[in-house]
1. What is the residue count in region 20-42 for residues that are free of Cβ contacts under 8 Å to residues at least 60 places away in the same chain, assigned to a helix (DSSP H, G or I) and buried (at least 18 other Cβ atoms within 10 Å of the Cβ)?
2. Name the residues in region 43-72 that are out of contact with any Gly (no Cβ under 9 Å at 6 or more places or on another chain), among the hydrophobic types (A, V, I, L, M, F, W, C) and either free of Cβ contacts under 8 Å to residues at least 12 places away in the same chain or not in a strand (DSSP E or B) (or both), would you?
3. Among the numbered conditions (1) surrounded by 14 or more Cβ atoms within 10 Å (Cβ to Cβ); (2) among the charged types (D, E, K, R); (3) in a strand (DSSP E or B), tell me where Asp11 comes up short.
4. Which one of Ala46, Ala22 is within 10 Å of the chain's Cα centre (by Cα) and not basic (Lys, Arg)?
5. When you scan region 57-103, how many residues do you find that are surrounded by 13 or more Cβ atoms within 10 Å (Cβ to Cβ), closer than 17 Å to Ser15 by Cα and hydroxyl-bearing (Ser, Thr, Tyr)?
Amino acid sequence: MNITSRVQEMDAMVSQGAIVDAVKNYFCDFAKTSDYGNVSTSSKEAMVNKMEGFVGAIAKVNAITHHKTLIDKQYTASEFTFDFDMKDGSQILWHEIINREWNAEGKVISEEYFKAS
């Protein structure tokens, strides 16, 4: 499986705001995630539920910027900035690195989020 094309496709979906669909299409069933807020998931289903709740709380997408992606064998690191107005009146401005590990079938088996400076 060509990881380069898979990560490019996934990053393009995220850039367009199709975050839930990206998880549905590219995560394997037992994918694990963790973020810098100490929130983790242990399955694709759990991550879909988490992302559906998050996306449902967004009032306005101001910008999603994909800066770059690095690829090393089955590992990728994608840098994004997310700018959202939330329904509760708060604003989210995240600049983060998303590290992914991919399996031989081209599915994400783990994803970690790190704050970028």
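1. Residues of region 20-42 free of Cβ contacts under 8 Å to residues at least 60 places away in the same chain: 20-25, 29, 37-42.
Those left that are additionally assigned to a helix (DSSP H, G or I): 20-25.
Then drop every residue that is not buried (at least 18 other Cβ atoms within 10 Å of the Cβ), which leaves 20, 22-23.
Within region 20-42, residues that are free of Cβ contacts under 8 Å to residues at least 60 places away in the same chain, assigned to a helix (DSSP H, G or I) and buried (at least 18 other Cβ atoms within 10 Å of the Cβ) number 3.
2. Within region 43-72, the subset out of contact with any Gly (no Cβ under 9 Å at 6 or more places or on another chain) is 43-54, 56-57, 60, 62-63, 65-72.
From what is left, the residues that are among the hydrophobic types (A, V, I, L, M, F, W, C) are 46-48, 51, 54, 57, 63, 70-71.
Within region 43-72, Ala46, Met47, Val48, Met51, Phe54, Ala57, Leu70 meet the criteria.
3. It fails just one condition, (3).
4. Among Ala46, Ala22, only Ala22 is within 10 Å of the chain's Cα centre (by Cα) and not basic (Lys, Arg).
5. Counting residues in region 57-103 that are surrounded by 13 or more Cβ atoms within 10 Å (Cβ to Cβ), closer than 17 Å to Ser15 by Cα and hydroxyl-bearing (Ser, Thr, Tyr) gives 4.
Values quoted throughout were computed directly from the atomic coordinates according to the rules given, and no laboratory measurement underlies them. These numbers come from a predicted model, not from an experiment. Note that we place each Cβ from the backbone using ideal geometry, even for glycine, and neighbour counts take in every protein chain shown.
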